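J.: Just passing along the structure, written as structure tokens.
Readers should treat all values here as calculations from the given coordinates under stated rules, not as data from a laboratory. What you are looking at is a predicted structure, and each value in this text was computed from that prediction instead of being measured. Positions of Cβ are generated from backbone atoms using ideal geometry, with glycine treated the same way; all protein chains shown enter the neighbour counts.
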Amino acid sequence: MSILKVAHLSKNYHDLKDEIKALKDISFEMEDQEFISIVGPSGCGKSTLLSILSGLDKASSGTIEFSKKNCKIGYMLQKDSLFPWKTVYENCLIGLKIEGPIQEEDKKEVLRLLKTYGLYEFKDKYPKSLSGGMRQRVALIRTLAIKPDILLLDEPFSALDYQTRLALSEDVYNIIKKEKKTAIMVTHDLAEAISMSNRILIFSKRPSTVKKIYKVQLTNRKGPINNRKCPEFNTYYDLIWRDLDVHI
Amino acid sequence: MSTFSKEHLEFIKQKKKEKRKIVLFRTLSLLLFLGLWEFSVKEKWLNTFLFSSPSLVLQTVVKLFQTNDLWEHIFITIYETVLSFGISSFLGISIAGILWWNKVLAKVVDPYLTVLNALPKVALGPLIIIWVGASTNSIIFMALLIATFLSIIDIYQSFISTENNYITLMKSFHATKKQIFFQVVLPSNYQNIINSLKINIGMSFIGVIMGELLVSKKGLGYLIMYGSQVFNINLVITAVVILGVISYFMYFVIDKLEQKIKR
């Protein structure tokens, strides 16, 4: 059963001098608990799609259908954007606070998430005392706190150094699988996309369309770090690289 | 304490020495200036009638103190300054908030704000006296004119340069504009607002003295005006010196307050 259905979506941006076609006729479906990655050339409108799905931006035409009524979307931005004047715990509660008075059980859930993902002892610290990887994990917990049905991840690891990036992608992947979430991730990193996703959408240059969809089938699928060792990994890498058609 | 290395102790000692040196030179330069002033008057290089002298200033202070006028003048000036500061800060923050809220309104009033801010407010002095009357109200009004527009412009500028990622994040949680303002725009600009208030208190002070010069029966500005009219230079310079002391005192209080709030 598909949880999300996007059909013939397009988006144009306007300024006084010009009209920019960012997305053109994007269509895809998504299963419950599926992990989809979107890759494509820089500036092709991948992030635009996420902002439209999250409701931050409006599509010019096309439809988005959620199977569930009031489907909740959690949007994790590229920058963690933790508020420096709030503690880690308070930061995690922001989404809930916006929705209204915070329920006791929601607080407990956030504390559970903090505990499970090794941040409990930092809950009363301010974000400036955390490392980049920890901050990003707090940002993920903040997103998960509102119990979203679908998670949107906009290059969640791009601001991190390589080692943290690998470790965190493993963490985030496990968190998402454990909490049984559906996720769409935009990334530049092909290895990241292949090792984490069930399917990969390749976007073309602007105006973007879905150029190709890969179903990632790996023997011995485990976590992202392990998946990089699968025999099919390099094949996918080559195929997608060619699809991106990069000329330097 | 004893765990510090010798090198570290040496470093602290060096820093303390430096600090002492600065205090020493500050005091010395002040004493040198006062001494030179007193000396040149005594030696008749400078005319006492025109330039007064430290000892005469001190005498004037004592005289004012004995006639009970000193505190009253100081109190009036500080009272007016604090009142103008309070009102203009309140207006500054709330109007900046309204302008942040309504971008079109902000664009509409932008040229007016710029002109009103740049306009030399003393030019409005005579009008203020006619409109508001020769009373404390005109002094406050003058101070507000001088301080408020700058506050509005300053605080509005920091409001609109709020980190965009924070606002996008709030929007992704479907926050209302009110929530965005009170949970992000205001707290993230906390430091900017304090900085702007620091400028504001100085502006209010300037405004009050300007108002007192134009119209008043009490206050340090009045002392200066009165002193100059009867050619009592002692009184004028005494009032200026007291103003200097008050400025320093206000700066000191705000600095301490800021540190206390910051913890």
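J.: In debye, nearest 20: dipole of chain B around its Cα centre with unit charges on the Cβ of K, R (+) and D, E (-)? Don't skip to the answer; put the middle values down first.
T.: On the way: 25 positive and 14 negative charges, 176 e Å.
Value, rounded to 20: 840 debye.
J.: Please work out the Kirkwood hydrodynamic radius for the stretch A:151-190, using every pair of different C-alpha atoms, and report it in angstroms with one decimal place.
T.: 10.6 Å
J.: Something else now. Which longest uninterrupted range of chain B lacks any chymotrypsin sites (Phe, Trp or Tyr not before Pro) assigned by DSSP to a loop state (not H, G, I, E or B) and surrounded by at most 14 other Cβ atoms within 10 Å?
T.: Between exposed loop sites, the widest span is B:46-230.
J.: Also, quick follow-up: For the stretch B:13-137, place one equal point scatterer on every Cα, skip the solvent, and apply the Debye formula. What is log10 of I(q)/I(0) at q = 0.10, 0.16, 0.21 Å⁻¹?
T.: Computed log10 I(q)/I(0) values: -0.75, -1.02, -1.19.
J.: The stretch B:108-213: Rg/Rh from Cα coordinates, Kirkwood Rh?
T.: 1.13
J.: Convert 37 °C to kelvin, take the viscosity as 0.692 mPa s, use the Kirkwood radius over C-alpha pairs of the stretch A:82-148 as Rh, and evaluate the Stokes-Einstein diffusion coefficient in µm²/s, rounded to a whole number.
T.: After rounding, the answer is 283 µm²/s.
J.: Okay, moving on. Can you tell me the Rg and Dmax of the stretch B:174-263, counting just the alpha carbons, in angstroms?
T.: Taking only Cα atoms of the stretch B:174-263, I get Rg and Dmax of 19.4, 68 Å.
J.: Separate question: Only Cα pairs within less than 10 Å get springs; with that Gaussian network setup on chain B, which residue of B:V23, B:V61, B:V215 has the largest fluctuation?
T.: Looking only at B:V23, B:V61, B:V215, the biggest GNM fluctuation is shown by B:V23.
J.: Here's another thing I want to ask about it. Please find, in a Gaussian network model of chain B (springs between Cα atoms separated by less than 10 Å), the residue of B:L223, B:L214, B:L113 whose mean-square fluctuation is greatest.
T.: B:L113
J.: Mind telling me which of B:L46, B:L235, B:L197 comes out most flexible in a GNM of chain B, alpha-carbon contacts under 10 Å?
T.: For chain B, modelled as a Gaussian network with Cα springs under 10 Å, the answer is B:L46.
J.: Pull up all non-local amide H partners of A:K211: gap of 5 or more, or a different chain, and H-to-H distance under 5 Å with H placed in the peptide plane.
T.: A:I202, A:F203, A:S204
J.: Please give the per residue volume of the convex hull enclosing the alpha carbon atoms of the stretch A:1-60, rounded to a whole number of Å³.
T.: Details: hull volume 5.2 nm³, N = 60.
So the per-residue Cα hull volume is 87 Å³.
J.: For the stretch A:27-174, list log₁₀ I(q)/I(0) at each q in 0.20 Å⁻¹, using the Debye formula over Cα point scatterers of equal strength and ignoring solvent, two decimals each.
T.: Results for the stretch A:27-174 at q = 0.20 Å⁻¹ read -1.39.
J.: On to the next question. When N is the residue count of the stretch B:57-262, what does its C-alpha Rg come to as a fraction of 2.2 N^0.38 Å?
T.: Taking N as the residue count of the stretch B:57-262, the ratio is 1.22.
J.: Right, another one. Percent relative contact order of chain A, based on C-alpha pairs within less than 8 angstrom and at least six residues apart?
T.: The normalised contact order for chain A reaches 26 percent.
J.: May I ask you to derive the relative contact order of chain B, considering only C-alpha pairs under 8 Å and at least 6 residues apart, and to give it as an integer percent?
T.: On the way: 230 pairs, mean separation 64.9, N = 263.
Relative contact order of chain B: 25 percent.
J.: How do B:H73, A:H8, A:H14 rank when sorted from fewest to most other Cβ atoms within 10 Å of their own Cβ?
T.: Working: B:H73 20, A:H8 12, A:H14 9.
By the 10 Å Cβ count, ascending: A:H14, A:H8, B:H73.
J.: Say a paramagnetic label sat at a point 7 Å from the Cα of B:N47, along Cα to Cβ; which residues of the stretch B:225-263 have their backbone N under 14 Å from it?
T.: Residues passing the 14 Å test: B:231-234.
J.: Take the protein assembly as shown, drop everything but the C-alpha atoms, weight them equally and run the Debye formula without solvent; then report log10 I(q)/I(0) at 0.06 Å⁻¹ to two decimals.
T.: -0.50
J.: Go ahead and estimate [θ] at 222 nm for chain A from helices alone: -39,500 (n - 2.57) per DSSP H run with n ≥ 4, summed, over the residue count, rounded to 500.
T.: Values: 9 runs with 88 residues, N = 248.
-10500 deg cm²/dmol, from helical runs alone.
J.: Quick one: in chain A, what % of C-alpha pairs are over 34 Å apart?
T.: The calculated P(r) of chain A puts 17 percent of pairs beyond 34 Å.
J.: If you don't mind, there's one more thing I want to ask. Can you pull a Stokes-Einstein diffusion coefficient for the stretch B:6-46 at 37 °C (0.692 mPa s), Rh from Kirkwood over Cα pairs, as a whole number of µm²/s?
T.: 266 µm²/s
J.: Using +1 on the beta carbon of Lys and Arg, -1 on that of Asp and Glu, and nothing else charged, what's the dipole of the stretch B:6-46 about the Cα centre, debye to 20? Intermediate values should be presented prior to the final figure.
T.: Working: 11 positive and 5 negative charges, 52 e Å.
It comes to approximately 240 debye.
J.: Here's something else I'd like to know. Residue by residue through the stretch A:120-127, which ³J(HN,Hα) values in whole Hz follow from phi under the Karplus form 6.51 cos²θ - 1.76 cosθ + 1.60 (θ = phi - 60°), with glycine and proline marked x?
T.: Once rounded to whole Hz, the list reads 4, 6, 9, 4, 9, 8, 8, x.
J.: Also, I was wondering about something else. Hey, fewest Cβ within 10 Å first, where do A:R165, A:R242, A:R221 land in order?
T.: By the 10 Å Cβ count, ascending, the order reads A:R242, A:R221, A:R165.
J.: If you wrap a convex hull around the Cα atoms of the stretch A:1-103, how much volume per residue is inside, in Å³?
T.: About 169 Å³ per residue, rounded to a whole number.
J.: Using the Cα centre of the stretch A:82-148 as origin and beta-carbon charges of +1 (Lys, Arg) and -1 (Asp, Glu), tell me which of A:L144, A:L93, A:P127 is placed farthest towards the positive end of the dipole.
T.: A:P127
J.: Ratio to report: Rg/Rh of the stretch A:102-210, with Cα atoms as the point set and Rh obtained by the Kirkwood method; give two decimals.
T.: Across the stretch A:102-210, the Cα-based Rg/Rh ratio is 1.00.
J.: A:L9: net charge of surrounding residues, Cβ under 14 Å, Lys/Arg +1, Asp/Glu -1, itself excluded? Write down the numbers at each step before the final one.
T.: On the way: positive: A:K5, A:K11, A:K21, A:K24, A:K46, A:K58; negative: A:D25, A:E29, A:D57, A:E65.
Net charge around A:L9: +2.
J.: Which value, in debye to the nearest 20, gives the size of the charge dipole of the protein assembly as shown about its Cα centre, when Lys and Arg are +1 and Asp and Glu are -1 at the Cβ?
T.: My answer is approximately 880 debye.
J.: Taking other Cβ within 10 Å of each residue's Cβ, how do A:C230, A:C44, A:C92, A:C71 sort, fewest first?
T.: Working: A:C230 19, A:C44 23, A:C92 27, A:C71 15.
Exposure proxy ranking, most exposed first: A:C71, A:C230, A:C44, A:C92.
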